[in-house]
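A.B. asks: Starting off with a structure, shown below.
The values are calculated or read from the model by the stated rules, or taken from the named source; none is laboratory data. Quick caveat, the model's predicted, so the values are computed rather than measured. Virtual Cβ from ideal backbone geometry, glycine too; neighbours counted across all protein chains shown. With ligands, DNA and RNA removed, areas are computed over all heavy atoms of the protein, side chains included. Shrake-Rupley method; radii C 1.70, N 1.55, O 1.52, S 1.80 Å.
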Amino acid sequence: MSAYQPAADPTAVVGKRVVAFIIDYIILQAIWSILFFALADSADTDFATCTGTCVTTGDTVYGVGGGKAALLWLVYWGYSVGIFVFLQGLKGFTPGKAIMGMKKVNDEGNQPGPIKALVRWLLLLVDLPPYCLPGLLGLILILTSKDHTRLGDKAAKTHVVGKADLGRPPVPAAAGFCSSALPSGIQS
């Protein structure tokens, strides 16, 4: 018997995790969209004439190029790294996870740290395909693994748990074994 045995699987928060991902994705895209349209020039022209980052709505092409495009993408990637690497690494949550009452933890049940969060974030490149249904591969891994982890979680040795399970190892194997708690005749 382990030193800590949760009553239920603390990583069984898949539904909340999906909603948290959607919230984080909407926030990220909203920031990009607001900044894009604030910086964009528009013209009634053909999409083929646009250089830089362009969006067409009806007969109007909106485009952001040069320094404005650099600013747009700097803010986008800066927010993404800030939220998914630093905030999640140091505090254990993103805005979506906070709203859904979850945190990202390491094997000991504590905040994972920025390095583990960076590994996890970088592996989104593998977990997000196919891009027509963002996160499908990661979702399949979360649904089929016993500890509900995607590839990024496995590589970084992290788990998503409900706030009630913070500070405790999310999986019994991480808690270690207490030989005095084992039935007689069984050795650790």
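A.B. asks: What do you reckon, is residue 87 farther than 30 Å from residue 165 by Cα, at pLDDT 95 or above, in a helix (DSSP H, G or I) and under 29 Å from the mean Cα position of the chain (by Cα)?
C.D. replies: Judged against the criteria, residue 87 is not a match.
A.B. asks: Condition first: closer than 26 Å to residue 155 by Cα and within 19 Å of the chain's Cα centre (by Cα). Can you find one or more residues in region 65-75 that meet it?
C.D. replies: Looking through region 65-75, none of the residues is closer than 26 Å to residue 155 by Cα and within 19 Å of the chain's Cα centre (by Cα).
A.B. asks: Something else now. Looking only at region 70-93, how many residues end up being under 27 Å from residue 39 (Cα atoms) and of a type in the set (Gly, Ala, Ser)?
C.D. replies: 4
A.B. asks: How many residues does region 96-111 hold that are open to solvent by 10 Å² or more (accessible area, probe 1.4 Å) and assigned to a helix (DSSP H, G or I)?
C.D. replies: Number satisfying all stated conditions: 4.
A.B. asks: Follow-up. Among the residues of region 44-69, which ones are at pLDDT below 80 and buried (at least 17 other Cβ atoms within 10 Å of the Cβ)?
C.D. replies: Once the filter is applied, which keeps residues that are at pLDDT below 80 and buried (at least 17 other Cβ atoms within 10 Å of the Cβ), region 44-69 yields only 50.
A.B. asks: Does region 87-95 contain any residue that is of a type in the set (S, T, N, Q) and open to solvent by less than 40 Å² (accessible area, probe 1.4 Å)?
C.D. replies: Within region 87-95 (the criterion being of a type in the set (S, T, N, Q) and open to solvent by less than 40 Å² (accessible area, probe 1.4 Å)), the answer is yes, since at least one residue qualifies.
A.B. asks: In this structure, is residue 60 in contact with a strand residue (DSSP E or B) (Cβ under 9 Å, 6 or more places away or on another chain) and free of Cβ contacts under 8 Å to residues at least 12 places away in the same chain?
C.D. replies: When the stated conditions are applied, residue 60 does not pass them.
A.B. asks: Further question: Any residue in region 128-136 that is assigned to a loop (DSSP other than H, G, I, E, B), open to solvent by 40 Å² or more (accessible area, probe 1.4 Å) and in contact (Cβ under 8 Å) with a residue 24 or more places away in the chain?
C.D. replies: Yes, region 128-136 has at least one match.
A.B. asks: Working only within region 154-188, note down all residues that are open to solvent by less than 80 Å² (accessible area, probe 1.4 Å), of a type in the set (Gly, Ala, Ser) and at pLDDT below 60.
C.D. replies: Scanning region 154-188 gives 174, 175, 176, 179, 181.
A.B. asks: Same structure again: Can you pull out the residues in region 13-43 that are of a type in the set (Ser, Thr, Tyr), open to solvent by 60 Å² or more (accessible area, probe 1.4 Å) and assigned to a helix (DSSP H, G or I)?
C.D. replies: 25, the sole residue that qualifies.
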